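Scroll down for the structure; my scribbles are underneath it.
The values are calculated or read from the model by the stated rules, or taken from the named source; none is laboratory data. Keep in mind it's a predicted model, so treat the numbers as computed, not measured. Counting neighbours? That spans all protein chains shown, and the Cβs are built from the backbone with ideal geometry, glycine included.
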Amino acid sequence: MEVSVSQENYLKTILKLERSEGIASNQAIAQNLDSTPAAVTGMLRKLCEEGLVEYEAYQGAKLTQVGEQHALSTVRSIGYGRCFSLRSSTFDGTRCIN
């Protein structure tokens, strides 16, 4: 699966927020990426449709196993893999809320 640079940035940000906060809220993602919450919602819906994140409106987002693999391979490819540890997700389901 091809992932754009923008999608990679979202996946890396969600990974970072999951590690520090347990879940990535739209607001936190927007602040980290210097974006708007509306733009974040649009990208989260797209990433959810592609099976890279699990997203529920007003609840936030978590990476799926595939999304986490993409995020980790991206950070490893730029030498930051040692900063992240792989852990199992406790976020169940694959619902996309529109």
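What to note about this one:
- Total residues in the range 18-36, condition surrounded by 15 or more Cβ atoms within 10 Å (Cβ to Cβ) and either part of a helix (DSSP H, G or I) or of a type in the set (S, T, N, Q) (or both): 9
- With respect to the conditions (1) at pLDDT below 95; (2) assigned to a helix (DSSP H, G or I); (3) among the hydrophobic types (A, V, I, L, M, F, W, C); (4) touching a strand residue (DSSP E or B) at 6+ places or on another chain (Cβ under 6 Å), residue 72 lacks only one, and its number is (4).
- The range 37-63, subset among the small types (Gly, Ala, Ser) and assigned to a helix (DSSP H, G or I), residue farthest from the chain's Cα centre (by Cα): 38
- Residue within the range 1-13 that is under 14 Å from residue 55 (Cβ atoms) and surrounded by fewer than 17 Cβ atoms within 10 Å (Cβ to Cβ) present: no
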